Amino acid sequence: MPKTLLRLSVNGEDHDLAAAPHKTLLEVLREEMGLTGTKHGCELGECGTCTVLVDGRPVLSCLALPIELEGRAITTVEGLAGAGRLHPLQQAFAELGAAQCGYCTPGILLTARALLADNPRPTRQEIREALAGNLCRCTGYTKILDAVELAALRSAGGA
Amino acid sequence: MRGVGKERFTVVGQPLPKIDAWAKVTGETRFADDLSLPRMAYGKLLRSPHPHALIRRIDTGRARALPGVYGVLTGLDLPRVKFGILPVSQDEEALCTEKVRMVGDAVAAVAAVDEETAERATELIDVEYEVLPALMSIEAALRRPEVRIHEYGDGPNVHKAVSLEFGDVESAFARADLVREDVFYFEGNTHLPMEQHCALALWGPDGKLTLWSSTQTPHYVHRLLGPILDVPPAHIRVIATPNGGGFGGKLDPFAHEIAACKLSQVTGRPVKITLTREEVFYVHRGRHPVLMWVRTGVTRQGEILGMHFRTWLDGGAYGSYGVASTFYTGALQTVTYRVPAYKFEGARIFTNKPPCGPKRGHGTPQPRFALECHLDKIAGELGLDPADMRRRILAEPFTKTANHLTVTTIGLGECIDRVVLASGWRDKVGQLPPGRGIGIACSSYLTGAGSAIYWNDMPHSGVVVRADRSGGVAVLCGAIDVGQGSDSILAYLVAEVLGIDPKDIRVHAADTDLTPVDLGSYSSRVTLMCGNAAIQAAERLRGLLLGAVAAKLGVAAEALAARGRRIGLPDDPDRSVSFAEAVVLAESIHGVLAVPGSYAPPKRAGKYKGGGVGPSPCYSYTACVVELEVDRETGGVRIDDVWIAHDVGRALNPLLVEGQVEGSVYMGIGEALMEEQVFRKGLHKAPSLLEYKSPTTLETPEIHTILVETDDPEGPFGAKEAGQGPLLPVIPAIANAVHDAIGVRIDEIPITPDKILKALARKREGKPARVGPERLPRFTFPAPRIVESAFGQPADGVAARPFQGGEGGRP
């Protein structure tokens, strides 16, 4: 299939690339751009593993087509940390053991970031609801919920 | 404890982040599918659409002609040897040549320029099948002996049949105040790691092969690839990549690994094969469906006099770990409670379904579910509190069981007391409003299998600790981190012994060229076995460092300590050197500082056939209380709280231990309430993450974890396992809580809403308020092997372990 030229804004940088129009954002990020931090769990939109942010909203990259996303701000886990400084969510996930195998972690971090942007002090139930579309098989979610709470507390200047 | 008192630990016991936490939260960790190499081709397997069929003809001509295809393989391109993870079950082919035995059996493989072309090419391969009758259940497989899935085993479609009797069970029943029989069924389920299996192979022009794979057992893959590919193992290098979850699902040698290797050879390119999620559901090797019958004789106080346990395992199409799984369904019943006389009969039956194997708890969650529900029913009949009854009948520490397992420390009494207190058990059991219930169950699990998969006298785990002149330390170990934190545990232990910070250590794991053998990340063995090897290596290195510093300072080595990145006199900061200076001093005397440590478990296997399955250096113990609510309209179960206390020996890092316990509880809830691997006409009914139900954040309750420490003499700094045992009691605790809530027994896992509604309807109709198996297969077990019960005999003390001697060996 012939390739289409695309300009994608990923993690604040514009990238010009050529990809077949039916390639998903997940495939283009991983295979064309080398951004392998975005993982795949099902490629059917069922597990949340491949979540990225588009204009700050969580999007399943396995169901998104890059040709529809030109001019939109795409954020992957590689774009979550500032220069030399982890995002409070990343810091909290590392400190509290919220990442075991770490495979679902990028998608959960980005989903949680979108939650905290909307709702800086969510209740535990609100965190559960926000993350209900992200499967994790290792942690039992407990440390993930703890870490989102800690990050929210720290971001609000509470700790 | 080796001059380092409990109070003087600096690293052990601290809730430190994992050493790879930063890589995990930034997406930097490279899983197998994140790797790519120049000129890499993508591989795909063609899989059988039939559960049972002869292969009449395979024509790959059209696939080979497709532009972009680099190579096509069938089984005829591979050496005609069958393989299997266990030496006794060599029954698999990477690409089937004559017969397929399940939907999903691979018959051909393609390498192409991209994944789509490879997939299109597989569709152009013409396979002519002669369809055979498919045997989709234990009953069907036993009923039709003329349809043979394999030509080997202990009978037509019987992979393995075992029968063992320890002590006189019938006379125990004759003396009992109550003899009770129950029947249970545990449906199969699967591991479902979030990462799909992936392999990348590079067969170099020098004829040497490198395989990167998401495997939990790089050593076994290395060992088996030689004969499978007819290549000297010396020319094969297997590198395990960090596993995106395993839970036992990445423990066998798999068709895609073998096909990637061979495709790389024939195409002269690196070849990567990543399974789809649907393929993972068929590759499977997960929890066996097990039908169980148990009869126990007890006194009025609930003291067990004798137990007879029978299991029938639906093994699926191949052997895999199934012989071990079969023994495991009978091995650990005796480790939790006092069972003076014990009889076990088990049979694993071949069916035309994906083969089952080890999943978290390997062969023991099913009988644990049965046993703990059975004990609850006994307590009910005797009018005893189920928590108190269990508390009274616990196994004795430092004794042997009827089936010759040596038990060391047991923290189960404290575990029960703690969950009973924390949950408010005494104010709740039998007293909650209708629809609400509370249940308890206990368990025990191995801390590492006492025997290797192949018999040998070599270490089960090896570690090399190498000190650099910079003061940095490299730890080389064959174990792969599957998310549980094994790399971090190695770093903590070495840092503790050498008096440095875990950050000063880099762990290099699971590369068969560079790291000493570790048998694999299974049976909860890594912390104990690699940990003990790491401590031995680090202590030997410390000995060299202390000796060199002692010579420099003109003091006795015994007077020195290694702490805070310094080595010297503990009370005199002026008479010490930095760790890096100590390395320079020692390297100047001894040359390169690369020190090995080795571990093999004490040889304690019972002297009977089958005695190799069950022994472990020590056993973890767990008690669990679950409180839940049953919706009597919908049959839905909502779990509100789980209290779980786990005897981990010592929590080397309490944060990581809690994580293992919480993950186990979660997985137990999924198995108890929703997860099932079921088939219709050979096809998986739910081969996707949407259809195969697993708990989300919304179904996972608050988990209250309590860690109990018993400082086991076998463990590294006293540690026992944490990754599997805590799953075991969760499932029966839920079943027992459902009974407390609505007065019905669901003797079948998973406890789905339809079963609850059916049981409630039966109760309303005045029938027995139970849903579960109604009949047992017609099957004659072999005559039992009679073995004297070792119940109550004292343990061999701390048994001598191989490789303990030498300088710096543990005292």
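Values computed for the structure shown
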| quantity | calculated |
| --- | --- |
| Residue that is surrounded by the most Cβ atoms within 10 Å (Cβ to Cβ), among those in region B:640-674 that are out of contact with any helix residue (DSSP H, G or I) (no Cβ under 8 Å at 6 or more places or on another chain) and away from chain A (no Cβ under 11 Å) | B:M674 |
| Pair list, Cβ under 6 Å, 6 or more apart: region B:223-249 residue within 12 Å of chain A (Cβ to nearest Cβ), other residue in a strand (DSSP E or B) and crowded, with 24+ Cβ neighbours inside 10 Å | B:T241/B:W212 |
| Extreme residue, farthest from B:L211 (Cα to Cα), among residues of region B:485-535 that are out of contact with any Ser or Thr (no Cβ under 9 Å at 6 or more places or on another chain) and basic (K, R) | B:K503 |
| Of all residues making up region A:81-124, the number that are hydroxyl-bearing (S, T, Y), under 18 Å from A:L153 (Cα atoms) and in contact (Cβ under 8 Å) with a residue 12 or more places away in the chain | 1 |
| Qualifying residue in region B:245-255 (condition: part of a helix (DSSP H, G or I) and surrounded by 24 or more Cβ atoms within 10 Å (Cβ to Cβ)) | yes |
| Matching residues, region B:599-609, being under 22 Å from the mean Cα position of the chain (by Cα) and modelled with pLDDT of 90 or more | B:Y599, B:A600, B:P601, B:P602 |
| Top-ranked residue in region A:82-105 [being at pLDDT 95 or above and aliphatic (A, V, I, L, M); ranked as farthest from A:E31 (Cα to Cα)] | A:L96 |
| Selected residue [over 24 Å from the mean Cα position of the chain (by Cα) and in a strand (DSSP E or B)] from B:E151, B:E165, B:E146 | B:E165 |
| Among the residues listed as A:L60, A:L65, A:L53, the single one being closer than 15 Å to A:S9 by Cα, crowded, with 19+ Cβ neighbours inside 10 Å and at pLDDT 95 or above | A:L53 |
| Subset of region B:39-75 [surrounded by fewer than 24 Cβ atoms within 10 Å (Cβ to Cβ), closer than 19 Å to A:E32 by Cα and more than 14 Å from chain A (Cβ to nearest Cβ)] | B:R39 |
| Filter result (outside any strand (DSSP E or B) and either under 11 Å from B:T311 (Cβ atoms) or polar (S, T, N, Q) (or both)) within region B:276-298 | B:T276, B:H288, B:P289 |
| Test: B:G380 is more than 25 Å from the chain's Cα centre (by Cα), modelled with pLDDT of 95 or more and either of a type in the set (A, V, I, L, M) or outside any strand (DSSP E or B) (or both) | yes |
| Hits in region B:682-710 - residues which are assigned to a loop (DSSP other than H, G, I, E, B) and more than 7 Å from chain A (Cβ to nearest Cβ) | B:G682, B:K685, B:A686, B:P687, B:E691, B:Y692, B:K693, B:P695, B:E699, B:P701, B:T710 |
| Those residues of region B:553-565 which are touching a residue at least 60 places away in the same chain (Cβ under 8 Å) and farther than 15 Å from B:A538 by Cα, in sequence order | B:G564 |
| Odd one out for A:A73 among (1) in contact with a strand residue (DSSP E or B) (Cβ under 8 Å, 6 or more places away or on another chain); (2) among the small types (G, A, S); (3) within 10 Å of chain B (Cβ to nearest Cβ) | (3) |
| Among (1) within 14 Å of chain A (Cβ to nearest Cβ); (2) in a strand (DSSP E or B), the one test that B:S36 misses | (2) |
| Residues of region B:237-285 satisfying the condition of being at positive phi and of a type in the set (A, V, I, L, M) | none |
| Some residue of region B:737-755 being closer than 20 Å to B:G659 by Cα, buried (at least 22 other Cβ atoms within 10 Å of the Cβ) and touching a Lys or Arg at 6+ places or on another chain (Cβ under 6 Å) | no |
| Filter result (surrounded by fewer than 24 Cβ atoms within 10 Å (Cβ to Cβ), more than 7 Å from every other protein chain (Cβ to nearest Cβ) and closer than 26 Å to B:Q724 by Cβ) within region A:111-144 | none |
| Members of region B:316-340 that are touching a helix residue (DSSP H, G or I) at 6+ places or on another chain (Cβ under 9 Å) and surrounded by fewer than 24 Cβ atoms within 10 Å (Cβ to Cβ) | B:Y337, B:P340 |
| Residues of region B:75-87 satisfying the condition of being under 26 Å from B:G357 (Cα atoms) and either assigned to a strand (DSSP E or B) or among the acidic types (D, E) (or both) | B:F83 |
| Qualifying residue in region B:343-365 (condition: farther than 22 Å from B:E187 by Cβ and among the β-branched types (V, I, T)) | no |
| Selection status of B:L95, part of a loop (DSSP other than H, G, I, E, B) and touching a residue at least 40 places away in the same chain (Cβ under 8 Å) | yes |
| Residue match in region A:68-77 (condition: among the polar types (S, T, N, Q) and over 16 Å from B:V25 (Cα atoms)) | no |
| Qualifying residue in region A:52-70 (condition: free of Cβ contacts under 8 Å to residues at least 12 places away in the same chain, within 14 Å of chain B (Cβ to nearest Cβ) and not β-branched (V, I, T)) | no |
| Residue tally, condition surrounded by 17 or more Cβ atoms within 10 Å (Cβ to Cβ) and part of a strand (DSSP E or B), over region B:564-589 | 5 |
| Scope region A:90-110; condition closer than 14 Å to A:A151 by Cα, within 7 Å of chain B (Cβ to nearest Cβ) and either acidic (D, E) or within 15 Å of the chain's Cα centre (by Cα) (or both); matching residues | A:Q90, A:F93, A:E95, A:L109 |
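The values are calculated or read from the model by the stated rules, or taken from the named source; none is laboratory data. Note that the coordinates shown come from a computational prediction; the quantities given were computed from them, not determined experimentally. All Cβ positions, even for glycine, are placed from backbone atoms using ideal geometry, and neighbour counts span all protein chains on display.
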